[in-house]
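The values are calculated or read from the model by the stated rules, or taken from the named source; none is laboratory data. What you are looking at is a predicted structure, and each value in this text was computed from that prediction instead of being measured. Counting neighbours? That spans all protein chains shown, and the Cβs are built from the backbone with ideal geometry, glycine included. When the accessible area is computed, the model is the full protein with side chains, heavy atoms only, and any ligands, DNA or RNA have been set aside. Shrake-Rupley method; radii C 1.70, N 1.55, O 1.52, S 1.80 Å.
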Amino acid sequence: MAGGTAEGAAPEFWPFRNQMLITLAAMYYAQRGAVEITVGTVRTDRQHPDGRARFLRAMRGVLRTQAAIELRAPAAAEQTLALARRSNAPHSLLGWTFSCHTGEWACGQCGGCRKHATVKAALGF
């Protein structure tokens, strides 16, 4: 799905991916009494159409139309490095994480893998 089909989107953008994930979560958890869904998006995700405030507002509206579920994006204004520092997550946990834009495992070459490596280096990995 990666390939930037949306005008002005980064090459790794997957159209409708976050919309689908939010919708699937809402479908599952609405029946279980959920009152909110939290998405992990940070400031640099604004380069993608589904990382922008407009998308988050639209999805909040969609959720409110069908259920009393609030959509939260608590780190949307934060830089990734600042969030990682604030989280105080141990290196043993962060070392297992990755955000590859090309496949199931970290490729080490895409924008997500390069960003992850930069953050890890800044954290002293």
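Some points to look at:
- Assigned charges on the beta-carbon of Lys, Arg, Asp, Glu; the chain dipole about Cα centre (debye): 320
- Region 23-125, accessible surface, carbon-and-sulfur percent (1.4 angstrom probe): 57
- Net charge of the neighbourhood of Thr38, taken over other residues with C-beta under 13 Å away and scored Lys/Arg +1, Asp/Glu -1, is 0.
- Calculated accessible area for the chain comes out at 67 Å² per residue, all protein chains present (probe 1.4 Å; ligands, DNA, RNA ignored).
- Rough spin-label spacing in nm, given labels placed 7 Å along Cα→Cβ, for Thr118 and Glu70: 3.3
- Region 44-83: C-alpha gyration tensor shape, a/c 1.5 cut-off, then a/b vs b/c: oblate
- With 0.36 nm allotted per residue and the present C-alpha distance subtracted, the Val62-Ala106 stretch has 12.6 nm of extension available.
- All-pairs Cα distance distribution in the chain, expressed in whole percent, bin size 10 Å: 12, 37, 36, 15, 1
- Here is the list for region 28-113: GluC sites (Glu not before Pro) lying in DSSP coil, each with at most 11 other C-beta atoms within 10 angstrom of its C-beta, are Glu104.
- Anisotropy class of region 69-113 from Cα gyration tensor, a/c 1.5 cut: oblate
- A straight line joining the Cα centroids of region 77-125 and region 11-26 runs 20 Å.
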